[in-house]
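Right, one structure below, let's go through it.
The values are calculated or read from the model by the stated rules, or taken from the named source; none is laboratory data. Computed from a prediction, not measured in an experiment: that's the story for all the values here. All Cβ positions, even for glycine, are placed from backbone atoms using ideal geometry, and neighbour counts span all protein chains on display.
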Protein chains: 4
Amino acid sequence: LHDLEVYERHYGGHAAPELLDDAVYGLTELHRAEVRGADVVANPGCFPTAAMLALAPLARAGLIADVIVDAKTGVSGAGRQATETTHFVTADENVNAYGLPVHRHVAEMDQELAALGAPVAATFVPHLVPLDQGELVSCYVTPAREASAEEVRALFEDAYADEPFVELAERPPGVREVRDTNLCRISTHADPRTGRVMAFAAIDNLWKGTASQAVQNLNLMFGRPEEEGIA
Amino acid sequence: LHDLEVYERHYGGHAAPELLDDAVYGLTELHRAEVRGADVVANPGCFPTAAMLALAPLARAGLIADVIVDAKTGVSGAGRQATETTHFVTADENVNAYGLPVHRHVAEMDQELAALGAPVAATFVPHLVPLDQGELVSCYVTPAREASAEEVRALFEDAYADEPFVELAERPPGVREVRDTNLCRISTHADPRTGRVMAFAAIDNLWKGTASQAVQNLNLMFGRPEEEGIA
Amino acid sequence: LHDLEVYERHYGGHAAPELLDDAVYGLTELHRAEVRGADVVANPGCFPTAAMLALAPLARAGLIADVIVDAKTGVSGAGRQATETTHFVTADENVNAYGLPVHRHVAEMDQELAALGAPVAATFVPHLVPLDQGELVSCYVTPAREASAEEVRALFEDAYADEPFVELAERPPGVREVRDTNLCRISTHADPRTGRVMAFAAIDNLWKGTASQAVQNLNLMFGRPEEEGIA
Amino acid sequence: LHDLEVYERHYGGHAAPELLDDAVYGLTELHRAEVRGADVVANPGCFPTAAMLALAPLARAGLIADVIVDAKTGVSGAGRQATETTHFVTADENVNAYGLPVHRHVAEMDQELAALGAPVAATFVPHLVPLDQGELVSCYVTPAREASAEEVRALFEDAYADEPFVELAERPPGVREVRDTNLCRISTHADPRTGRVMAFAAIDNLWKGTASQAVQNLNLMFGRPEEEGIA
């Protein structure tokens with residue numbers, strides 16, 4: 001987050017405000033050039049990672065007039081602390097939304113969307129599902145103009161053709177398919193009935209959502225092969 | 001579904017087309033008077049049950065300009081048949097969307113929404129989550145005009161004050177809370193940042209979504225107390 | 001537990017030692033007559049409940065020379081407290097033994113076995129499995145003399161023919177079959193190769209293992225029909 | 001299995017009976033020297049792998065007078081086929097024994113135990129638990145003579161000191177700890193009250209129980225470092 005005021009509204013204060021100006025947003029696939037020369041990299045949250053990879057090609061094409069991100073996360077995404085929420089007997093056989101009406105990760109998404117050409121206020125709602133690792137974001141875009149499934153698909157193919165850690169799938173991806181990997185798997189859809197454009201992205205929140213993406217960035221910062229140690 | 005043509009597009013043909021004109025749509029809370037005098041009641045699908053209970057008060061108030069329904073269902077909602085999809089090792093530790101781009105249940109929702117005063121084409125996407133019973137629908141409404149959280153809440157309180165099987169909750173409901181019951185538990189929210197109105201509804205797909213709602217309707221048809229045998 | 005010294009060794013001290021002499025052990029099927037006239041009933045732990053129902057007919061027949069009870073319990077059997085052990089991310093996709101080398105419930109089992117005619121020191125090891133409600137005990141008996149599957153089965157049929165809450169099954173019972181009920185479902189087996197006699201008993205630890213068995217006893221104490229409110 | 005008659009009783013016939021004489025039993029830690037020179041290696045089943053690693057040091061020391069192996073396996077251990085048993089709604093929130101009274105894997109265990117110096121007829125009962133990968137065996141040994149926890153522990157330390165894929169643990173191992181690895185983690189216990197000796201071993205049935213153990217053997221057969229490609 002570049003804007004200190006927004007940061008303070010969502011997080012209460014920053015430990016090192018003087019670093020904010022220099023920090024590069026470490027969503028590798030969208031900021032590779034900046035990460036390469038960076039001294040300080042802010043690793044993105046797990047939700048923004050999946051959401052931005054699912055939305056960036058649409059944002060850059062000027063296609064996003066409005067967007068809803070409905071996320072589903074395993075319990076490790078809700079923290080290691082032993083609480084009522086993370087107790088097995090609460091989480092097992094359950095699914096529920098949380099963080100309403102406004103989850104703090106939305107600030108990160110709005111900033112990134114605006115930077116990519118989509119100055120919208122996103123709606124973002126995470127849900128807790130009974131699994132340990134894994135995160136799925138379901139993105140519902142009201143397009144600024146008509147767009148076919150083929151056109152949408154082409155935008156993603158262009159954007160991610162050379163990305164080692166982004167895969168495009170025909171069918172909606174399941175989080176199991178990317179477990180224990182640095183992969184983000186994405187499917188795209190358009191509904192001719194409603195005009196709605198949809199993108200679904202699955203990651204492992206403990207890997208691409210956190211640890212292995214950090215390694216991916218460190219590899220870049222130190223001039224190592226990007227995939228070293230994670231593929 | 002009243003419209004035979006729409007039925008055939010989604011289901012391929014009806015076993016008793018002559019009954020379609022007489023059949024009453026058995027979503028009890030919305031059609032109680034008609035169910036009471038009916039000879040034939042068509043039990044609603046589990047997704048439309050939860051979605052319509054979450055949307056009816058908004059539809060009647062003319063508040064729905066557009067709507068997205070993101071549903072999460074346990075594996076029993078995906079059928080008793082032993083398939084690759086319902087194999088434990090496929091479903092466990094997984095979550096994925098299915099039925100894209102257009103799930104057949106959307107026809108039922110569109111028909112009901114139109115009848116209630118919201119002639120929109122809904123976007124509906126179900127997701128499979130690793131639990132056995134339970135269904136959550138997350139409804140994202142673009143309102144036709146500004147609406148506060150208080151106004152929205154009041155609409156639901158008015159609509160469901162006397163309903164024995166609909167409960168309003170302050171916090172987003174979890175499906176565990178309604179397991180093995182005929183209850184539908186709903187929370188409503190409004191985000192002043194985006195203007196978005198949201199409603200979340202949890203049911204047990206094997207109870208309110210199927211069997212116990214059928215009993216609720218039979219009780220009405222035969223003049224028995226509505227709650228007999230299910231509460 | 002009737003023996004204060006044993007109680008203190010396992011539990012550290014009793015809140016009302018003067019009641020120990022009067023207290024009746026509330027495993028209904030084994031102590032119905034005493035429960036009927038009792039002022040104080042000590043409800044059995046969930047493990048001893050299942051284990052004793054699986055072993056009593058063998059103990060009474062003088063068949064138990066030695067016995068191992070390997071128990072599997074859902075996480076609710078491990079307490080409502082939010083701990084490292086009960087955190088979803090610890091318990092999910094896991095199974096492990098605990099309470100080694102000697103779990104405190106074994107004192108209850110030894111006392112009951114001796115009272116029924118089997119003065120042995122049982123081996124009892126509980127395991128945590130990733131489900132919320134349910135308990136299975138697998139009992140491996142070294143018989144004092146040869147016993148066929150048919151003879152064993154007949155002992156159980158005699159013992160439980162009139163019991164409303166004990167069911168004999170041909171196949172090993174699963175805990176799902178008794179979820180949310182006061183039932184104990186038992187299968188018995190004999191392996192001619194080894195001479196071993198085996199009994200498997202499934203209960204819901206929150207029902208027959210705790211709450212509904214307490215109701216069953218209260219019904220008896222107050223002269224009500226035993227099944228009132230729980231079947 | 002070296003004995004064709006036993007094989008036929010359990011499996012109905014062998015595809016290549018002429019290979020039986022040459023085949024080496026590929027439980028690497030127990031047969032490393034033979035695997036090294038072998039042309040044909042029979043990979044052990046997942047249950048015998050865990051059970052034999054938990055029992056071999058006791059068998060060699062002449063300590064096993066009798067033994068019960070109570071196993072718990074995830075659903076992948078029950079086959080990839082979509083059946084009633086492996087349906088999510090059957091397996092979820094369930095646990096049950098199967099394969100009674102005699103599971104075919106017991107023949108493999110008896111053969112190995114006899115070869116190591118313990119000519120006993122083992123009792124082996126597998127249970128299905130609701131997780132995908134992972135297998136725990138709980139071994140209850142009636143010792144031929146008294147043995148302390150320390151003596152037992154020393155036997156295992158001697159046996160496995162140099163083994164890269166066997167780890168001894170103080171606390172009973174959970175299957176999660178070895179998921180996606182070729183490790184077998186074992187704890188040992190002795191109960192002075194009963195004299196019983198116990199060993200618990202956890203493996204990943206898809207790794208050490210199948211695929212990665214096969215690689216471990218292939219590495220040996222072809223003179224490669226044993227850990228190549230699996231650690």
For this session: Go through the residues of the stretch C:123-133 one by one and say whether even a single one is crowded, with 22+ Cβ neighbours inside 10 Å, away from chain D (no Cβ under 12 Å) and among the aliphatic types (A, V, I, L, M).
Result: no
For this session: Select from the stretch D:186-203 the residues that are within 10 Å of chain C (Cβ to nearest Cβ) and closer than 17 Å to D:PHE47 by Cα and list them in ascending order.
Result: D:SER187, D:MET198, D:PHE200, D:ALA202
Exercise. In the stretch A:87-113, what residues are within 30 Å of D:VAL89 (Cβ to Cβ) and of a type in the set (A, V, I, L, M)?
Worked result: A:VAL89, A:ALA91, A:VAL95, A:ALA97
For this session: Give the stretch D:154-167 a look and list any residue that's buried (at least 17 other Cβ atoms within 10 Å of the Cβ) and under 30 Å from D:LEU131 (Cα atoms), or say none.
Result: D:PHE156, D:TYR160, D:PHE165, D:VAL166, D:GLU167
For this session: Kindly indicate whether B:GLU146 is touching a Gly at 6+ places or on another chain (Cβ under 8 Å) and surrounded by fewer than 19 Cβ atoms within 10 Å (Cβ to Cβ).
Result: yes
Seminar exercise, completed: When every residue in the stretch A:93-114 that is closer than 23 Å to B:CYS139 by Cβ and acidic (Asp, Glu) is compared, the one farthest from the other protein chains (Cβ to nearest Cβ) is A:ASP110
Exercise. Can you spot a residue in the stretch A:121-143 that is in contact with a His (Cβ under 6 Å, 6 or more places away or on another chain) and under 16 Å from B:ARG193 (Cα atoms)?
Worked result: yes
Problem set entry | Test result for B:THR90, within 11 Å of chain A (Cβ to nearest Cβ), more than 16 Å from B:VAL141 (Cα to Cα) and modelled with pLDDT of 90 or more | yes
Exercise. Within the stretch C:125-169, can you find the residues that are closer than 28 Å to C:ASN94 by Cα and in contact (Cβ under 8 Å) with a residue 60 or more places away in the chain?
Worked result: C:PRO126, C:GLN133, C:GLY134, C:GLU135, C:LEU136, C:VAL137, C:SER138, C:CYS139, C:TYR140, C:VAL141
Exercise. Which is in contact (Cβ under 8 Å) with a residue 24 or more places away in the chain and in contact with a Leu (Cβ under 6 Å, 6 or more places away or on another chain), of B:ALA231, B:ALA214, B:ALA202, B:ALA190?
Worked result: B:ALA202
Problem set entry | Scan of the stretch D:64-77 for residues that are within 14 Å of chain B (Cβ to nearest Cβ), more than 13 Å from the chain's Cα centre (by Cα) and among the β-branched types (Val, Ile, Thr), ordered by number | D:VAL75
Exercise. Going by the conditions given, is C:GLY62 out of contact with any Phe, Trp or Tyr (no Cβ under 9 Å at 6 or more places or on another chain), small (Gly, Ala, Ser) and at positive phi?
Worked result: yes
For this session: For the stretch C:184-206, enumerate the residues that are surrounded by fewer than 21 Cβ atoms within 10 Å (Cβ to Cβ) and more than 16 Å from C:VAL152 (Cβ to Cβ).
Result: C:LEU206
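Yes or no, residue by residue, for (1) modelled with pLDDT under 90; (2) closer than 17 Å to D:GLU135 by Cβ:
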position: D:TYR25; (1), (2): no, no
position: D:VAL35; (1), (2): no, no
position: D:VAL41; (1), (2): no, no
position: D:CYS46; (1), (2): no, yes
position: D:ALA51; (1), (2): no, yes
position: D:ALA71; (1), (2): no, yes
position: D:GLY74; (1), (2): no, yes
position: D:ALA82; (1), (2): yes, no
For this session: Name the single residue, out of those in the stretch B:173-185 being of a type outside the set (Lys, Arg) and part of a loop (DSSP other than H, G, I, E, B), that is nearest to the other protein chains (Cβ to nearest Cβ).
Result: B:GLY174
For this session: Only residues that are over 16 Å from the mean Cα position of the chain (by Cα) and in a strand (DSSP E or B): list them for the stretch C:25-63, please.
Result: C:VAL41
